[in-house]
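**Q** Right, I'll just put the structure down here and ask away after.
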Amino acid sequence: MPGPTPPFQGTIADDWRGSTPWWPPVPEPPDGAPNVVVIVLDDVGFAQLGCYGSDIDTPVIDSLAADGVRLANFHTTALCSPTRACVLTGRNHHRNGLGRIADLAVGYPGYDGEIPLENGFLSEILREHGYATYAVGKWHLTPDDETNVAAPRHSWPLGRGFDRWYGFHGGETHQFVPALYHDNHSVAPPRTPEEGYHLTEDLVDRAIAQVADLRAVDVDRRFFLYLCPGACHSPHQAPAEWIERYRGRFDQGWDAWREEVFARQVASGLLPEGAELAPRPPWVPAWDELSDGLKRVSARFMECFAAFLSHTDAELGRFLRFLEQTGDRDDTLVVLLSDNGASSEGGVNGSINDARIHNIDFATPGELVRRIDEIGGPTTHNNYPWGWTMAGNTPFKRWKREVHEGGVADPCIVSWPARLAGGGGVRRQFAHAVDLLPTILDLVGVEPPETIGYVPQTHLDGVSLAEVLGPDGAGAPERHTTQYFEMLGSRAIYHDGWKAVTFKPIGPLYDDGINWNDPFEDDRWELYHVAVDPAELHDLAADEPERLAAMVERWWDEARRNQVLPLDNRILHTINNPKPDRRRARLSATYYPGTAPVPEPSAISVKNRGHSIEVDVAVPADGVAQGVLLAQGSVLGGFSLHLLDGRLRYVHNLYGRERHVVEAADPVPPGRHRLGFRFEREEGGGGPASLLVDGEVVAQGRIGVFTLSSFSLTGVGLTCGYEIGPAVGEGYEAPFRCTADIRSATVTLDEHVPPNPMVDFERILAEQ
């Protein structure tokens, strides 16, 4: 955001003879300021990098640690959007309006998903000091209803201080066919999976290109790159040859693996003397209790995760080698972190499509075993089982979404060869994601601004870690002494080496006997001296009730100061009661060929209700008409109305589990026609389906169960005249562009809206 124009400081006479020109000074970073690269990994647990004890191959990241500093007591918010907001603003996540992820926004100041301009971004600050600013990869800081190309762009990267952006909006995307954006518009991937495309490689290509473009014009200008690969959020999709490298590497199972990791963590000095390993919780099965089939499929899930991480590590190496080529590497400050602990969304057995969680239809062990060879490829949205989640957070307990250490203790590495000769040092002072912005500003030599543009700035919650990162940093005092945590009702507070924490379930999935709907005042708080008990194994609540009471009261003070209230752990309630939007109330919408994909939250929703589609189209006289008329989703779930060999055809893909096909026997004749589809929902979610040509039924079929809640979680939108891919149906390949002349496609919903089974999600789960 530009600020006020400085007053002219030359002289102006009646003509040029007595006049003196003047140009406003070009902003410049302080002398000796580094380039800044912030790399945010996704869902990578404390123990999943080689330099944090893992045997997963991450040599590039390990090399950053070897010439830099590892933070062994670094913390996040337990979820991705909130942590990323902390990193970029230096303010606590609720103060950023991101008390939860951007797609779960609700109408309270701490949760509305809108980061205020008063909380300036690192990109905005550095750009005012002459930096070129680039964002590459995951964003996830824009509410769902603002991610379409008709939306305002104030919360997109270019609206928050970045000069360029190439990446994706949501929490996750398909790694072979991603939903991509370039600057302020939607774009298609540059290659197909068959041509060897993978998103991580594309993102690194773009990062290299941004720096190359800069150096072609200006060899000295400093740059800030915010580089956020999809790894290792689900889907854990990697090139097949990388998955093959890990064949058999995890056959020993998660119990043995985490014991080996813990031993390496202790031996390397990452953990303090006397640290203990959290026991396996009762809701995670012992590896030896699994059937042979589940052992095989569970190992395959982990092979795919490891391949995804190692492939990403190699691509980061390609980018860092380019910085060596340009002469920038020594003068580049690199901060690498993960945004939360390892993910438990895969459930007890692992997930072959995370959208099935939203549709209350979990894959059975038998289906997982049958589809084992698909895991990691383009037809699955895979996520590993709880056992590997637990192992990935070694030595801690619990995981992403929760505020015990397994959810909030994460790897963070800082490297700056020219200035921070860390030599692989470990720092155990408490640190939090909000500390990264003030630390970077301190190392750059820039003070936090009082205003950005015309907007007065709020205070920072973070503190600089520059002293901690220095050569004598191991003995530096701990400056971040108090930090609250809250995520989806789970709460904690850290203060001077102690931590009070309480767990709140979000549903009856695993609950230690705790009812998710119990009043918050009934929640039991635990107390740990984490300075000596980092894995939170020795609850001292009964021994130190006064300390615990003071800690809990401190939490409430922090909560009121940081917009944390009201507490709410109802995820499914939020999903089914989204932000009011006049577009969601409409019963009809018309789409036109060739336009940008409409993200699922912004498209008219045909899910779980009767509806019709009518396409105004002219079929050419020469040749056979082919291609998509209207489609939503991909091979992971959705629908497609298209012409195949001239015949009208409809495919409903039930999140990759099964397809329902209705197909006409005869080709549509040349000329202008109204081609239609009609689904009549019956109680239970299924119903008859018909294809129509000019109002006449030409084919009939039945859809067993129409998708209830989500077609896909990978950002694939509704398209007219083509598909994004991989294809919803079989017998054709995306984009399968239509050769007929589409004038428009209109979707009309039944006025009657049936009860959504998702509203009663908790009851349905409890009955299973």
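Every read-out reported here was derived from the displayed coordinates using simple, explicitly stated rules and does not represent laboratory data. All figures in this text were calculated on a predicted structure; none of them were measured in a lab. Methodologically, a virtual Cβ is constructed for each residue, glycine included, from the backbone with ideal geometry; neighbour enumeration extends over all protein chains shown.
**Q** Pull out a ≥ b ≥ c, the square roots of the eigenvalues of the alpha-carbon gyration tensor of the stretch 161-219, then state rounded if a/c is under 1.5, prolate if not and a/b is larger than b/c, and oblate in the remaining case.
**A** oblate
**Q** What is the sum of charges around Ala618, taking Lys and Arg as +1, Asp and Glu as -1, for the other residues whose C-beta is under 10 Å from the C-beta of Ala618?
**A** 0
**Q** Let me ask something else about it. Placing unit charges on C-beta atoms (Lys and Arg positive, Asp and Glu negative, everything else neutral), compute the dipole magnitude of the chain about its Cα centre in debye, rounded to 20. Numbers along the way, then the final one.
**A** Values: 67 positive and 108 negative charges, 248 e Å.
Here the chain has a charge dipole of around 1180 debye.
**Q** Which stretch or stretches of the stretch 129-145 have amide N atoms under 19 Å from the point lying 7 Å from Asp213's Cα along the Cα→Cβ direction?
**A** Backbone N within reach: 130-139.
**Q** Under 19 Å from a point 7 Å along the Cα-to-Cβ line of Asn569: which residues of the stretch 272-302 have their amide N that close?
**A** 281-284
**Q** Let me ask another. Determine the distance separating the Cα centre of the stretch 572-624 from the Cα centre of the stretch 190-229; give it in Å without decimals.
**A** A separation of 34 Å, based on Cα centres.
**Q** A further question on this structure: Scan the chain and note any complete DSSP helix (H) whose C-alpha atoms cover at least 18 Å along its axis and whose Kyte-Doolittle average is -1.0 or more.
**A** 199-217, 254-267, 292-326
**Q** Starting from 0.36 nm per residue, how many nanometres of slack lie between Thr451 and Leu587 once their C-alpha separation is accounted for?
**A** Full extension from Thr451 to Leu587 adds 44.4 nm.
**Q** Could you calculate the contour length gain from Ala665 to Asp220, that is, 0.36 nm times the residue separation minus the distance between their Cα atoms, to one decimal place in nm?
**A** Working it through step by step, the gained length comes to 153.6 nm.
**Q** What shape does the chain have by the C-alpha gyration tensor, where a ≥ b ≥ c are the square roots of the eigenvalues, rounded means a/c under 1.5, and otherwise prolate means a/b greater than b/c and oblate the rest?
**A** oblate
**Q** Rounded to the nearest 5, what is the percent of antiparallel bridges among the DSSP beta bridges in the chain? Present the calculation step by step, with values, prior to reporting the outcome.
**A** Numbers: 90 of 118 bridges.
Just about 75 percent of them are antiparallel.
**Q** Let me ask something additional. With r as the distance between the Cβ atoms of Arg743 and Glu680 and R0 = 45 Å, compute the FRET efficiency 1/(1 + (r/R0)^6) and round to 0.05.
**A** According to the calculation, E is roughly 0.95.
**Q** Still on this model: What is the Cα centroid distance between the stretch 309-382 and the stretch 712-735, reported in whole angstrom?
**A** 22 Å
**Q** Which pairs, out of Lys138/Lys579; Lys504/Lys607; Lys138/Lys400; Lys295/Lys504; Lys138/Lys499; Lys504/Lys579, put more than 26 Å between their alpha-carbon atoms?
**A** Values: Lys138/Lys579 23 Å; Lys504/Lys607 30 Å; Lys138/Lys400 18 Å; Lys295/Lys504 31 Å; Lys138/Lys499 32 Å; Lys504/Lys579 24 Å.
Pairs exceeding 26 Å: Lys504/Lys607; Lys295/Lys504; Lys138/Lys499.
**Q** log₁₀ I(q)/I(0) of the stretch 314-460 at q = 0.10, 0.12, 0.14, 0.18 Å⁻¹, via Debye over equal Cα point scatterers, no solvent, to two decimals?
**A** Values, matching the q order: -0.59, -0.79, -0.94, -1.11.
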